[in-house]
1. Take the stretch B:39-54 and flag every residue that is among the small types (Gly, Ala, Ser), open to solvent by less than 10 Å² (accessible area, probe 1.4 Å) and either away from chain A (no Cβ under 11 Å) or free of Cβ contacts under 8 Å to residues at least 12 places away in the same chain (or both).
2. Sort through B:Ala36, B:Ala57 and tell me the only one that's open to solvent by 10 Å² or more (accessible area, probe 1.4 Å), aliphatic (A, V, I, L, M) and either at pLDDT below 95 or assigned to a helix (DSSP H, G or I) (or both).
3. Return the pairs, sorted by first residue and then second, in which the second residue is assigned to a helix (DSSP H, G or I) and among the charged types (D, E, K, R), the first residue lies in the stretch B:81-110 and is farther than 13 Å from B:Ala28 by Cα and touching a residue at least 12 places away in the same chain (Cβ under 8 Å), the beta carbons are less than 7 Å apart, and the residues are 6+ apart or on different chains.
4. For B:Arg80, all conditions in the list (1) at the interface with chain A (Cβ under 10 Å from one of its Cβ atoms); (2) part of a strand (DSSP E or B) hold save one; what is the number of the exception?
5. Show the residue pairs meeting these rules: Cβ distance below 6 Å; 6+ apart or different chains; first residue within the stretch A:1-30 and free of Cβ contacts under 8 Å to residues at least 60 places away in the same chain; second residue open to solvent by less than 30 Å² (accessible area, probe 1.4 Å) and outside any helix (DSSP H, G or I).
6. Can you tell me which of (1) loosely packed, with under 14 Cβ neighbours inside 10 Å; (2) at pLDDT below 95 is the one B:Phe16 doesn't meet?
7. From the residues in the stretch A:25-42 that are assigned to a helix (DSSP H, G or I) and in contact with a Leu (Cβ under 9 Å, 6 or more places away or on another chain), which one is surrounded by the most Cβ atoms within 10 Å (Cβ to Cβ)?
8. Looking at the stretch A:125-167 only, could you name the residues that are modelled with pLDDT under 75 and hydroxyl-bearing (Ser, Thr, Tyr)?
Amino acid sequence: MSFLLRLYPKAWRERYGEELADLLARERLTPRLALDLLTGALDAQLHPQLAARTAPKAAGSSGGATVIGGFSFRCAATARTTTREDLRSALALAGSTLVLAIAYVWLKRAVGSAPWVEALGQVALFGPVLAYSVQLGAGNRTRAARAFLFTVLLGLLLLIGYAAAKL
Amino acid sequence: MRPRDQEDTATDFGRFSEPALLVLVSLAGEPKHGYAMIEDIAAMTGARLGAGTLYGAIARLEAGGLIELLPGAERRRPYRLTAAGARHLKVRLAGLAKVTRIGQTRLAGA
């Protein structure tokens, strides 16, 4: 059953993985429990900051799950913490979307509705999300590997946008 | 700084609200590790919490400072209620007791 734990984010596994594995070793795997773990993993993927906020106490832990830079904001209304990295990602996502959208509008005025301009419009909409997804899913891969993956996906997105505009 | 009562009622655990309350009640007796909590909650309510739900609630309670790991514990790690957790639990139980009283009074008059 421990294979289901691989669906949890790394920081979460570092913090709670051993305890959860120990618990699961004593539970019988039922479809209900499998579904519960799947939804738990989805929740953990959506809220990785929960595991990152609590100090890992496992022996031999790398300490990578602590709040980045020891810096966090506390939101009084929801008791939710935003790390410096969260803020940087959010600003980069919002900023790049705005810049690309403005570039698209400017090109559309200057050049007109050429297929490649429409393809750029698609990149303006989905490119930053794509970049963020690559960043999120890349794990420990090198910067070059991330850049390669992002370029391939971006090229695919441009092709789809170009083909859609030509239809 | 917010008053304690506001602090205690402001913590919102969304769909983990009920499991989080059950974990707090379970830990109010004595420190427990995950499996012991599941067993205790099953004895209290007749329902067995799933491991994913349990650790979703534990992570939120720990992040909110309402429970903490006992120092020095190994693989089977026990958690205990913090002072803030005990205050939070008192507020939640008082709220539930009020609702129960009102419900019973209304049912008696129906």
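The values are calculated or read from the model by the stated rules, or taken from the named source; none is laboratory data. From a predicted model like this one, the values you see are computed outputs, not experimental measurements. Cβ atoms come from the backbone with ideal geometry, glycine included; neighbour counts cover every protein chain shown. Ligands, DNA and RNA are excluded from the accessible area calculation, which covers all protein heavy atoms including side chains. Shrake-Rupley method; radii C 1.70, N 1.55, O 1.52, S 1.80 Å.
1. B:Gly52
2. B:Ala36
3. B:Val91/B:Asp5; B:Val91/B:Asp8
4. (1)
5. What qualifies is A:Ala11/A:Ala65; A:Glu14/A:Pro56; A:Glu14/A:Ala65; A:Arg15/A:Pro56; A:Arg15/A:Ala65; A:Glu19/B:Arg77.
6. (1) is the only condition that B:Phe16 fails.
7. Among them, the one singled out is A:Gly40.
8. A:Tyr132, A:Ser133, A:Thr142
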